Every structure is written in C-alpha cells, then in structure tokens.
Amino acid sequence: MNLELLESFGQNYPEEADGTLDCISMALTCTFNRWGTLLAVGCNDGRIVIWDFLTRGIAKIISAHIHPVCSLCWSRDGHKLASASTDNIVSLWDVLTGDCDQRFRFPSPILKVQYHPRDLNRVLVCPMKSAPVLLTLSDSKHVVLPVDDDSDLNVVAAFDRRGEYIYTGNAKGKILVLKTDTQVLVASFRVTTGTSNTTAIKSIEFARKGSCFLINTADRIIRVYDGREILTCGRDGEPEPMQKLQDLVNRTPWKRCCFSGDGEYIVAGSARQHALYIWEKSIGNLVKILHGTRGELLLDVAWHPVRPIIASISSGVVSIWAQNQVENWSAFAPDFKELDENVEYEERESEFDIEDEDKSEPEQTGADAAEDEEVDVTSVDPIVAFCSSDEELEDFKALLYLPIAPEVEDPEENPFGPPPDSAPDDGSAHTGSGEKKQRQPSAEGAPPRKKARTTTIELQGVPSDEVHPLLGMKGDGKNKKKAAGRPKGSKGKDRESPFKSKLYKGERGGGGAAKGKEQAETGQPGAGGLVAAPFKQHEVQGLD
C-alpha cells in the first residue's frame, strides 16, 4: 500500500457511512493500533474482538474478562494489549498468543488504562474516585500520582505524545503537568469559563503528531492547547487555548473527543445522540456533521491513525465512516475513455510487436543511457506516515497483522497426531469421555496456558463500593436490583446500557438477579440457567 497515493487533496475527513462491524456481542469501546491495521473492540461479555481492518474480518477473539470491557490500549509495538473491565481488574495480554501476562486488581472501577507511548514497562491507570496510578510491569509495583486537592479525587490523566509528561485534570478545572520519571510538578494551570468559575475536566487527549492536546470539560466546550506553551508558562500559568470548539445552537455535551491521524482535525461524539462533529483545528470551523441512526446513544469514537476513517460505537455496533471514493481512470491515463457499450478495437501497426521494426534508431540520450542501470528492488524505504518525527526507521518487530487459520468445514480425525492404535496400554482405555477431553491438549502437543500473576493494588481512602459509570446504576440497592433484573428486550431508560439485560438470563425480580450475579462472579452454575453463555465459557476456560 502506497500511502502517498492515498492523499486526498484538500479535505482529509470522512463524509459518509461505510458499513458496520458486528462483533456478535455488544461493543462498548474500540481503539486502533499505531498503524491502523488492527482494531480492538471491547464487548459487554468480557471478550476482546480484534478486527483486521483491511479485510474487515475478525482476526482474533480473546476471552479476556467476565464483566464488560470498559477501556483498551495498544502497546507501541502492537504485541501487547491492556484492558480494563467493570469488575476493577486491569489485564495485560499477548496479542499473538491470546495469553494474559499480568493482572492487577483495584479497589474501585477503572475509567481508563493507557500504555506508555515509548516504554512498554509502564501503564497509566485512572481508577474512579482516586488519584491516577502509574504501574511498573517488571516488578508489579505502582506509584500514586500527586493531586492538587486531596478532597477532589475525580481525576483524569493521560501521557503526552512521547510519554515524557503526564497531564492530570480534576473536577475543579486544575491541570497538572508531571514529569513521568520523577512525578515532579513542572507546570499547572486552571481551566476557567467566561468568568472566574471553574469547570470539571472530563478527558484529556493528545494528537499523534505535533504538540497539541484537547481538554473536554463539563461546560460543553472543547479547548485545544499547545503543549509547548503550557511548559513555558510553568506553574500556575495562564495559557490561552488555541481554539474553543462547541455547539452553540444545541449546547451539545461531548461524550468522546479525539484528533485525526495527522492532527489537523478534531472529532467529537455527542452524548445525546449518535452524531459526530468534525472541526478543522487550525481555523476552528465546523466542517462536517455525521449523523448515525436516530435515537441511538454514542459510546466511543476512534479516528484511524493514517487514513480519514472514523470508527464509532452505538447500540453495541461499530460504525465505520469514510470518504466516498470515486474512480477516475483518466487521472492515470489522459487519453482514457469510458465506453457505454463495447467497441471493436482497431490495432495500430506494430502496437503489440516485441520489437518495432519500423522504429527509427534514436540518439542515445541521458534517459536511454540510464536504462541499463540496475534498479534496487530489495531495499525498503520507511513509510513516513508510520515513523515519528524523531525516528528514521520503522519498527520491524512491530505486529501489524495477525495470522488467521482457514476454517475447515469437515476436518479429518487427528490428521497429524499418532495413529489410534499407538495409545499406551496402561488401563486408560476404560476411562470416561471427560478424561479423554482432558488428555487431548497434551496429545496435540499444545503447551498448557500459564496462569497470569495477579497483583492487588492497595489504595488508601478509596471507596470500594463504587459502581462503574458504564453500568449506569445509580441510587440505592433496590434500584440496582431492579435494573439488573429487567427482562430481555426491555424498553425505556435501560436502552442506554443495552448489555444489562443480556448478562443474566431467566431472572425473575431483584432477588434472582442478585443471586445470578453472585453465582456468575463465583463461577458456579446455578439452577434454572441463570448464568449466561459468556460466563459458562469463562468457567470452562478457567479465566479469572
């Protein structure tokens, strides 16, 4: 693929819907890898579905968690994937094998998990009602980042583009810039509205190119800042935002915001409906509004790192937005003509001859003289779009694609294993079918899966009874039971969290829901089929 040919002159943003990706289960969050070749989608049944984005096919399914996946992040080389679920667990996965390398258990729900942009040994975690935590994977240690106000622990955090600094923001509009290695405060400022009133920080997002970042705040305004100016202002500075983006007509609150791959555009998803607003960063003008299905609520938005493609999630389905590609063959051959019907072609004299006998001998010019030179077809030039500004070469160890085994309709009985009569005669012939199933992996020579190391992270003063906002359960215990026990296909406000009615089957009222939830968490199958298929699947595989 030659990325230079994909340059669309002028506009570099999607214009229309380009199909959907159906993950079978309800999709909740998605993220592209660094090259845009793979798309990881976290689902409500705890699975992570990895799509090959070029073929639009499922490349791998990882049975990651028991509870819904709420956050995902790729490592820089694409070999690792960090995931967080609503049961307060952060897991680190080997994408190629599908094995879990490490697992961390937190006391409160996880709002965001992010790999360090350059160091695969560090992961940033934002627990709910807690200061952000920086994990070191090699020794399973953690560092709690300093906050501005100990009484305000509604903190969001993000690495900058190269991971040199960590930006944190709290509910009082205070932004802190910390040195990643030492956690020392190097700069700070406060986001204010028109008056001296402050507004809560909802998210901080950095562009893949350049030094810009955006801050999504509770006052429904997206502010774009230059990171270099923030560092120049130092502590308690007063930097002015480059742009203020908002919907003045509808006063739309923003669910999710991000930059385009080249950092020239900003897309924001509405929290009220499935609508995507696209602005040009340099001017601040609204260039496009993409409308999805009416009545759906948006959950996540991700912009392709290289191409003008956006993936958005609503009602459990991933929608793809792209440009309308119009074939223009005359751009390649000026004398090309499109025909409405077949025309008999008149061959010119000596047009298809190997050697033109009528051709006159031309003089040896510079171009003809260079014809005999050897052309280098072995060396590969690095693709500029895949390299950072401080890199000259691509990462050749990177994982761009996943191998996919072909599906065989009628597989032969153990085609590569030992013949049936070569089984050892040690009395095992009279064993039951259950023992045969247990022996099957060792007979095939597959190595047993290693059990991931689980580390419990202790955080001081963090409430342990918090419910993840993705679950949408608020109020006392009665409301929670009622929300969990609604029958499948219910209508009303529960449509905002469509996966709630699919977690437990066969419920009748609040008591059954609580019992089904308890059995699902302990991994014990209950009578009457209270445990859904995803939980039974995890029980068989022995995860969590």
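Take the conditions assigned to a loop (DSSP other than H, G, I, E, B) and touching a residue at least 40 places away in the same chain (Cβ under 8 Å) and apply them to Arg220. Does it pass? Criteria not met by Arg220.
Per the conditions (1) at pLDDT 95 or above; (2) over 19 Å from the mean Cα position of the chain (by Cα), the sole criterion not satisfied by Ala40 is (2).
Among the residues of the stretch 280-307, write down those that are buried (at least 18 other Cβ atoms within 10 Å of the Cβ) and without any contact (Cβ under 8 Å) to a residue 40 or more places away in the chain.
Matches in the stretch 280-307: Glu280, Glu296.
Of the residues making up the stretch 117-136, just one is more than 18 Å from Leu153 (Cα to Cα), open to solvent by less than 30 Å² (accessible area, probe 1.4 Å) and in contact with a Leu (Cβ under 7 Å, 6 or more places away or on another chain), namely Val123. Only one entry in Val326, Val301, Val306, Val318 is part of a loop (DSSP other than H, G, I, E, B), among the hydrophobic types (A, V, I, L, M, F, W, C) and touching a Leu at 6+ places or on another chain (Cβ under 8 Å), namely Val306. When the residues of the stretch 144-166 are filtered to those that are in contact with a Pro (Cβ under 7 Å, 6 or more places away or on another chain) and assigned to a strand (DSSP E or B), the one that is surrounded by the fewest Cβ atoms within 10 Å (Cβ to Cβ) is Phe159. The residues in the stretch 309-340 that are loosely packed, with under 10 Cβ neighbours inside 10 Å and of a type outside the set (Val, Ile, Thr) can be counted, and the count is 14. None of Ala187, Ala200 is without any contact (Cβ under 8 Å) to a residue 60 or more places away in the chain, within 15 Å of Asp160 (Cα to Cα), open to solvent by less than 60 Å² (accessible area, probe 1.4 Å) and not charged (D, E, K, R) except Ala187.
Taking the criterion of being in a strand (DSSP E or B) and within 23 Å of the chain's Cα centre (by Cα), the residues of the stretch 172-217 that qualify are Ile201, Lys202, Ser203, Ile204, Glu205, Phe206, Cys212, Phe213, Leu214, Ile215, Asn216, Thr217. Residues to consider are Ile289, Ile313; find the one that is in a strand (DSSP E or B), β-branched (Val, Ile, Thr) and within 16 Å of the chain's Cα centre (by Cα). Sole residue among the options that is in a strand (DSSP E or B), β-branched (Val, Ile, Thr) and within 16 Å of the chain's Cα centre (by Cα): Ile313.
For the stretch 265-273, the count of residues that are open to solvent by 10 Å² or more (accessible area, probe 1.4 Å) and closer than 18 Å to Val318 by Cβ is nonzero. Condition check for Thr193 on (1) free of Cβ contacts under 8 Å to residues at least 60 places away in the same chain; (2) surrounded by 21 or more Cβ atoms within 10 Å (Cβ to Cβ): one failure, at (2). Residues in the stretch 63-105 that are among the aromatic types (Phe, Trp, Tyr) and open to solvent by less than 10 Å² (accessible area, probe 1.4 Å) were compared, and the one that is farthest from Leu134 (Cα to Cα) is Trp93. Every test in (1) closer than 22 Å to Gly269 by Cβ; (2) touching a residue at least 24 places away in the same chain (Cβ under 8 Å); (3) out of contact with any Leu (no Cβ under 8 Å at 6 or more places or on another chain); (4) open to solvent by 30 Å² or more (accessible area, probe 1.4 Å) is passed by Lys255 save one, and that test is (3).
The values are calculated or read from the model by the stated rules, or taken from the named source; none is laboratory data. As the structure is a computational prediction, the values presented were derived from the model and not from experiment. Methodologically, a virtual Cβ is constructed for each residue, glycine included, from the backbone with ideal geometry; neighbour enumeration extends over all protein chains shown. Keep in mind that these areas ignore ligands, DNA and RNA; they rest on the heavy atoms of the full protein, side chains included. Shrake-Rupley method; radii C 1.70, N 1.55, O 1.52, S 1.80 Å.
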